[in-house]
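The structure under discussion is supplied below as structure tokens; questions concerning it will follow.
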Amino acid sequence: MEKEESFWKEMYNNGQTGWDIGSISTPLKTYFDQLAPKNIRILIPGCGNAYEAEYLFEKGFTNVFLADISNVPLKNFKKRVPSFPEDHLLHIDFFTHKDQYDRIIEQTFFSSFPPGKRTTYARQCHHLLVPGGKVAGVLFDIPLYDDHPPYGGSKEDYIPVFEPWFDLNVFDRCYNSIAPRAGSELFILLEKPAD
């Protein structure tokens, strides 16, 4: 964890956060606007500056948890949203985390892993979700980099990663991406089977 934490801390401290659009993404805002009930347990792993969590918290969601391997974005978030519960800010390695959630929100975290680590991500999401729980969010659908994050990929690359663990309820091109990302994002809604 130490090496990973050091890498991401340096990225944040040097302002190398090109994935950060400075606000909640439109596809996630649209999804959150129809999400209920407001007491479901939501995890946002690799949360970064967590504009999604800020939006959910302002909308009255009471069980939102932020996880990041770097404490820099968690501290930034706490300064921005001082009333957010301190014990919902998790400075952890996602892959060793143990708990249960109804939703896991994906927003650029997946693209921080090289393809060889993505199956481990899918399996960990499966373990952290209750039966019937869902992974919802956005994946890049474009070749990005193959030697450093954000790593790229396509729907065809991603489906084999998730299919063993989830029912793929939605896996479609986003219709409401922000202009710079138009045509390069997929919205996913993946459900852990109830049985």
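Rule-based calculations on the coordinates, nothing more; no lab input. Because the structure is predicted, anything quoted here is derived from the model rather than measured. Because the Cβ atoms are built from the backbone with ideal geometry, glycine has one as well, and the counts that use them run over all protein chains shown.
Can you figure out the FRET efficiency of Glu86 with Asp157, using R₀ = 45 Å and their beta-carbon distance, to the nearest 0.05?
Result of the calculation: an efficiency of 0.75.
A further question on this structure: Taking the Cα centroid of the range 58-72 and of the range 87-105, what is the distance between the two, rounded to the nearest whole Å?
Computed from Cα coordinates, the inter-centre distance equals 9 Å.
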